[in-house]
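Values in this text are rule-based calculations from the coordinates and carry no lab data. In this text, all values refer to a predicted model and were calculated from it rather than measured experimentally. Neighbour counts run over all protein chains shown; Cβ positions are idealised from the backbone, glycine included.
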Amino acid sequence: MFHEPVLTQKVVDFLIHDRGGLYLDGTVGGGGHSAAMLERLSEQGRVIGLDLDDEALQYAQSRLSGFGARFQAVKSNFKNLDQVRDELQSEKIAGLLLDLGVSSHQIDIPERGFSFSAEGGLDMRMNREQALSALQIVNHSEQQELRDIFRTYGEERRAGLVAKAIVAQREKAEITTTRELVDVVSRVTSRQHRIKSLARIFQALRIAVNEELDNLRAALEKSMDCLAGGGRIVVISYHSLEDRIVKNFFRQEASRCECPPELPVCVCNKRDRLRILTKRPVRASEDEILANPRSRGAKLRAAEIF
Ligand SMILES: C[S@@+](CC[C@H](N)C(=O)[O-])C[C@H]1O[C@@H](n2cnc3c(N)ncnc32)[C@H](O)[C@@H]1O
C-alpha cells in the first residue's frame, strides 16, 4: 500500500459542495483522497492532484487512470496554486485539500532519509530535483542555525546540545546517513527521551528542508483569491506547528473589525473572508486509529470562503 489516507469520509463531506466543480488536491500522494473525491463528484467534476514527488505523481496518475480526463496529476508545490490555476486556464476552484506532511511510501523507503529507524542517506527532500537536502543543513549550517531549526520546528528542549554535538562530530567527519545522525543525537539525550527527541529532530530537519510552514502559509493566503465563492478549504495537519498556523489563519480571516474597543468607529475596514466549519479540529475515531495508526495525530480543519 502506497499510503492509507486518513479521515477520508470527513474530507469528502467537508470539501465537496458542488459535485460538478473543479477541486485541487494539493497533496495527492497515493491518490486515496483524490479517488474518494472523484467518486463523490458527478461526471462533470474534476480533480487536479499536485505533488512535489515524482513517484507519487506517477502512482496517482496510474491508479486514477480509470477516471480519464477528470483527473490530472501535476508536479507543483501547492504554494503555487495560483500559477497552477493560471497555467491550466482553469475556472475558479471549488475546493482545496491539503493533507500535510509525508506519505507512508516516502517514510518506508530508507534512501529518502525521512525515518530515523532505517539506515539511509540524509536526504528528506520531497522534490528530488531540489538542491537543498538534510545533508547540506546538517553539515553546513552554523551551530546557532541548527539550534534554531531544532527549537523552532522540532520544539526540542535539547536543541542546543544536539546542535553542539553535530558540529563537534562533523569536524571529525561529514555526517552522511540517518544512522550517523541518530548516533550523534543519542549521545546527548537520555534513553528515556531518546525516541521523542529523535522524532523531533527529524521532523525539524524535514520542515526546514522542504520549507513546509512557509508553503502552508502561502497556500492558505493564495486560496482566498483562487477559490470560488462558497469554495472550501480542508487541511489535515499532523503536528502542532502546522495546526496552529491553520487555526490562526482561519480565526484571523473569520474575524471582522480589529479596531481597539475605545475607537468610536471602525478604521481598519477589515472584513471576514471565510466561515469556519470545524469549531474544534476533527479527529480520527478509535476504529480508524486501530486500523491506521498514522491517523492518531491527524487534525482536520475546514472553512468556507465567502
Ligand atoms: C500525507 S501525504 C498525502 C497522501 C494523500 N492524501 C493520499 O490520499 O494518498 C502528503 C503528500 O504531499 C506531498 N507534499 C508535501 N508538501 C507539498 C507541497 N508543498 N506541494 C506539493 N506536494 C507536497 C508529499 O510529497 C506527499 O506525497
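Structure summary
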{"item": "Residue match in region 5-15 (condition: farther than 22 Å from Ile305 by Cα, of a type in the set (Val, Ile, Thr) and surrounded by 20 or more Cβ atoms within 10 Å (Cβ to Cβ))", "result": "yes"}
{"item": "Boolean, Thr27 is among the hydroxyl-bearing types (Ser, Thr, Tyr), surrounded by fewer than 20 Cβ atoms within 10 Å (Cβ to Cβ) and within 12 Å of the ligand (Cβ to nearest atom)", "result": "no"}
{"item": "Qualifying residues in region 69-100 (those that are closer than 23 Å to Phe14 by Cβ, of a type outside the set (A, V, I, L, M, F, W, C) and in contact (Cβ under 8 Å) with a residue 60 or more places away in the chain) - the one nearest to the ligand (Cβ to nearest atom)", "result": "Asp99"}
{"item": "Criterion (closer than 28 Å to Glu4 by Cβ, out of contact with any Cys (no Cβ under 6 Å at 6 or more places or on another chain) and crowded, with 19+ Cβ neighbours inside 10 Å) met by exactly one of Glu253, Glu288", "result": "Glu288"}
{"item": "Candidates Ala36, Ala56 - the one that is within 13 Å of the ligand (Cβ to nearest atom) and within 11 Å of Leu97 (Cβ to Cβ)", "result": "Ala36"}
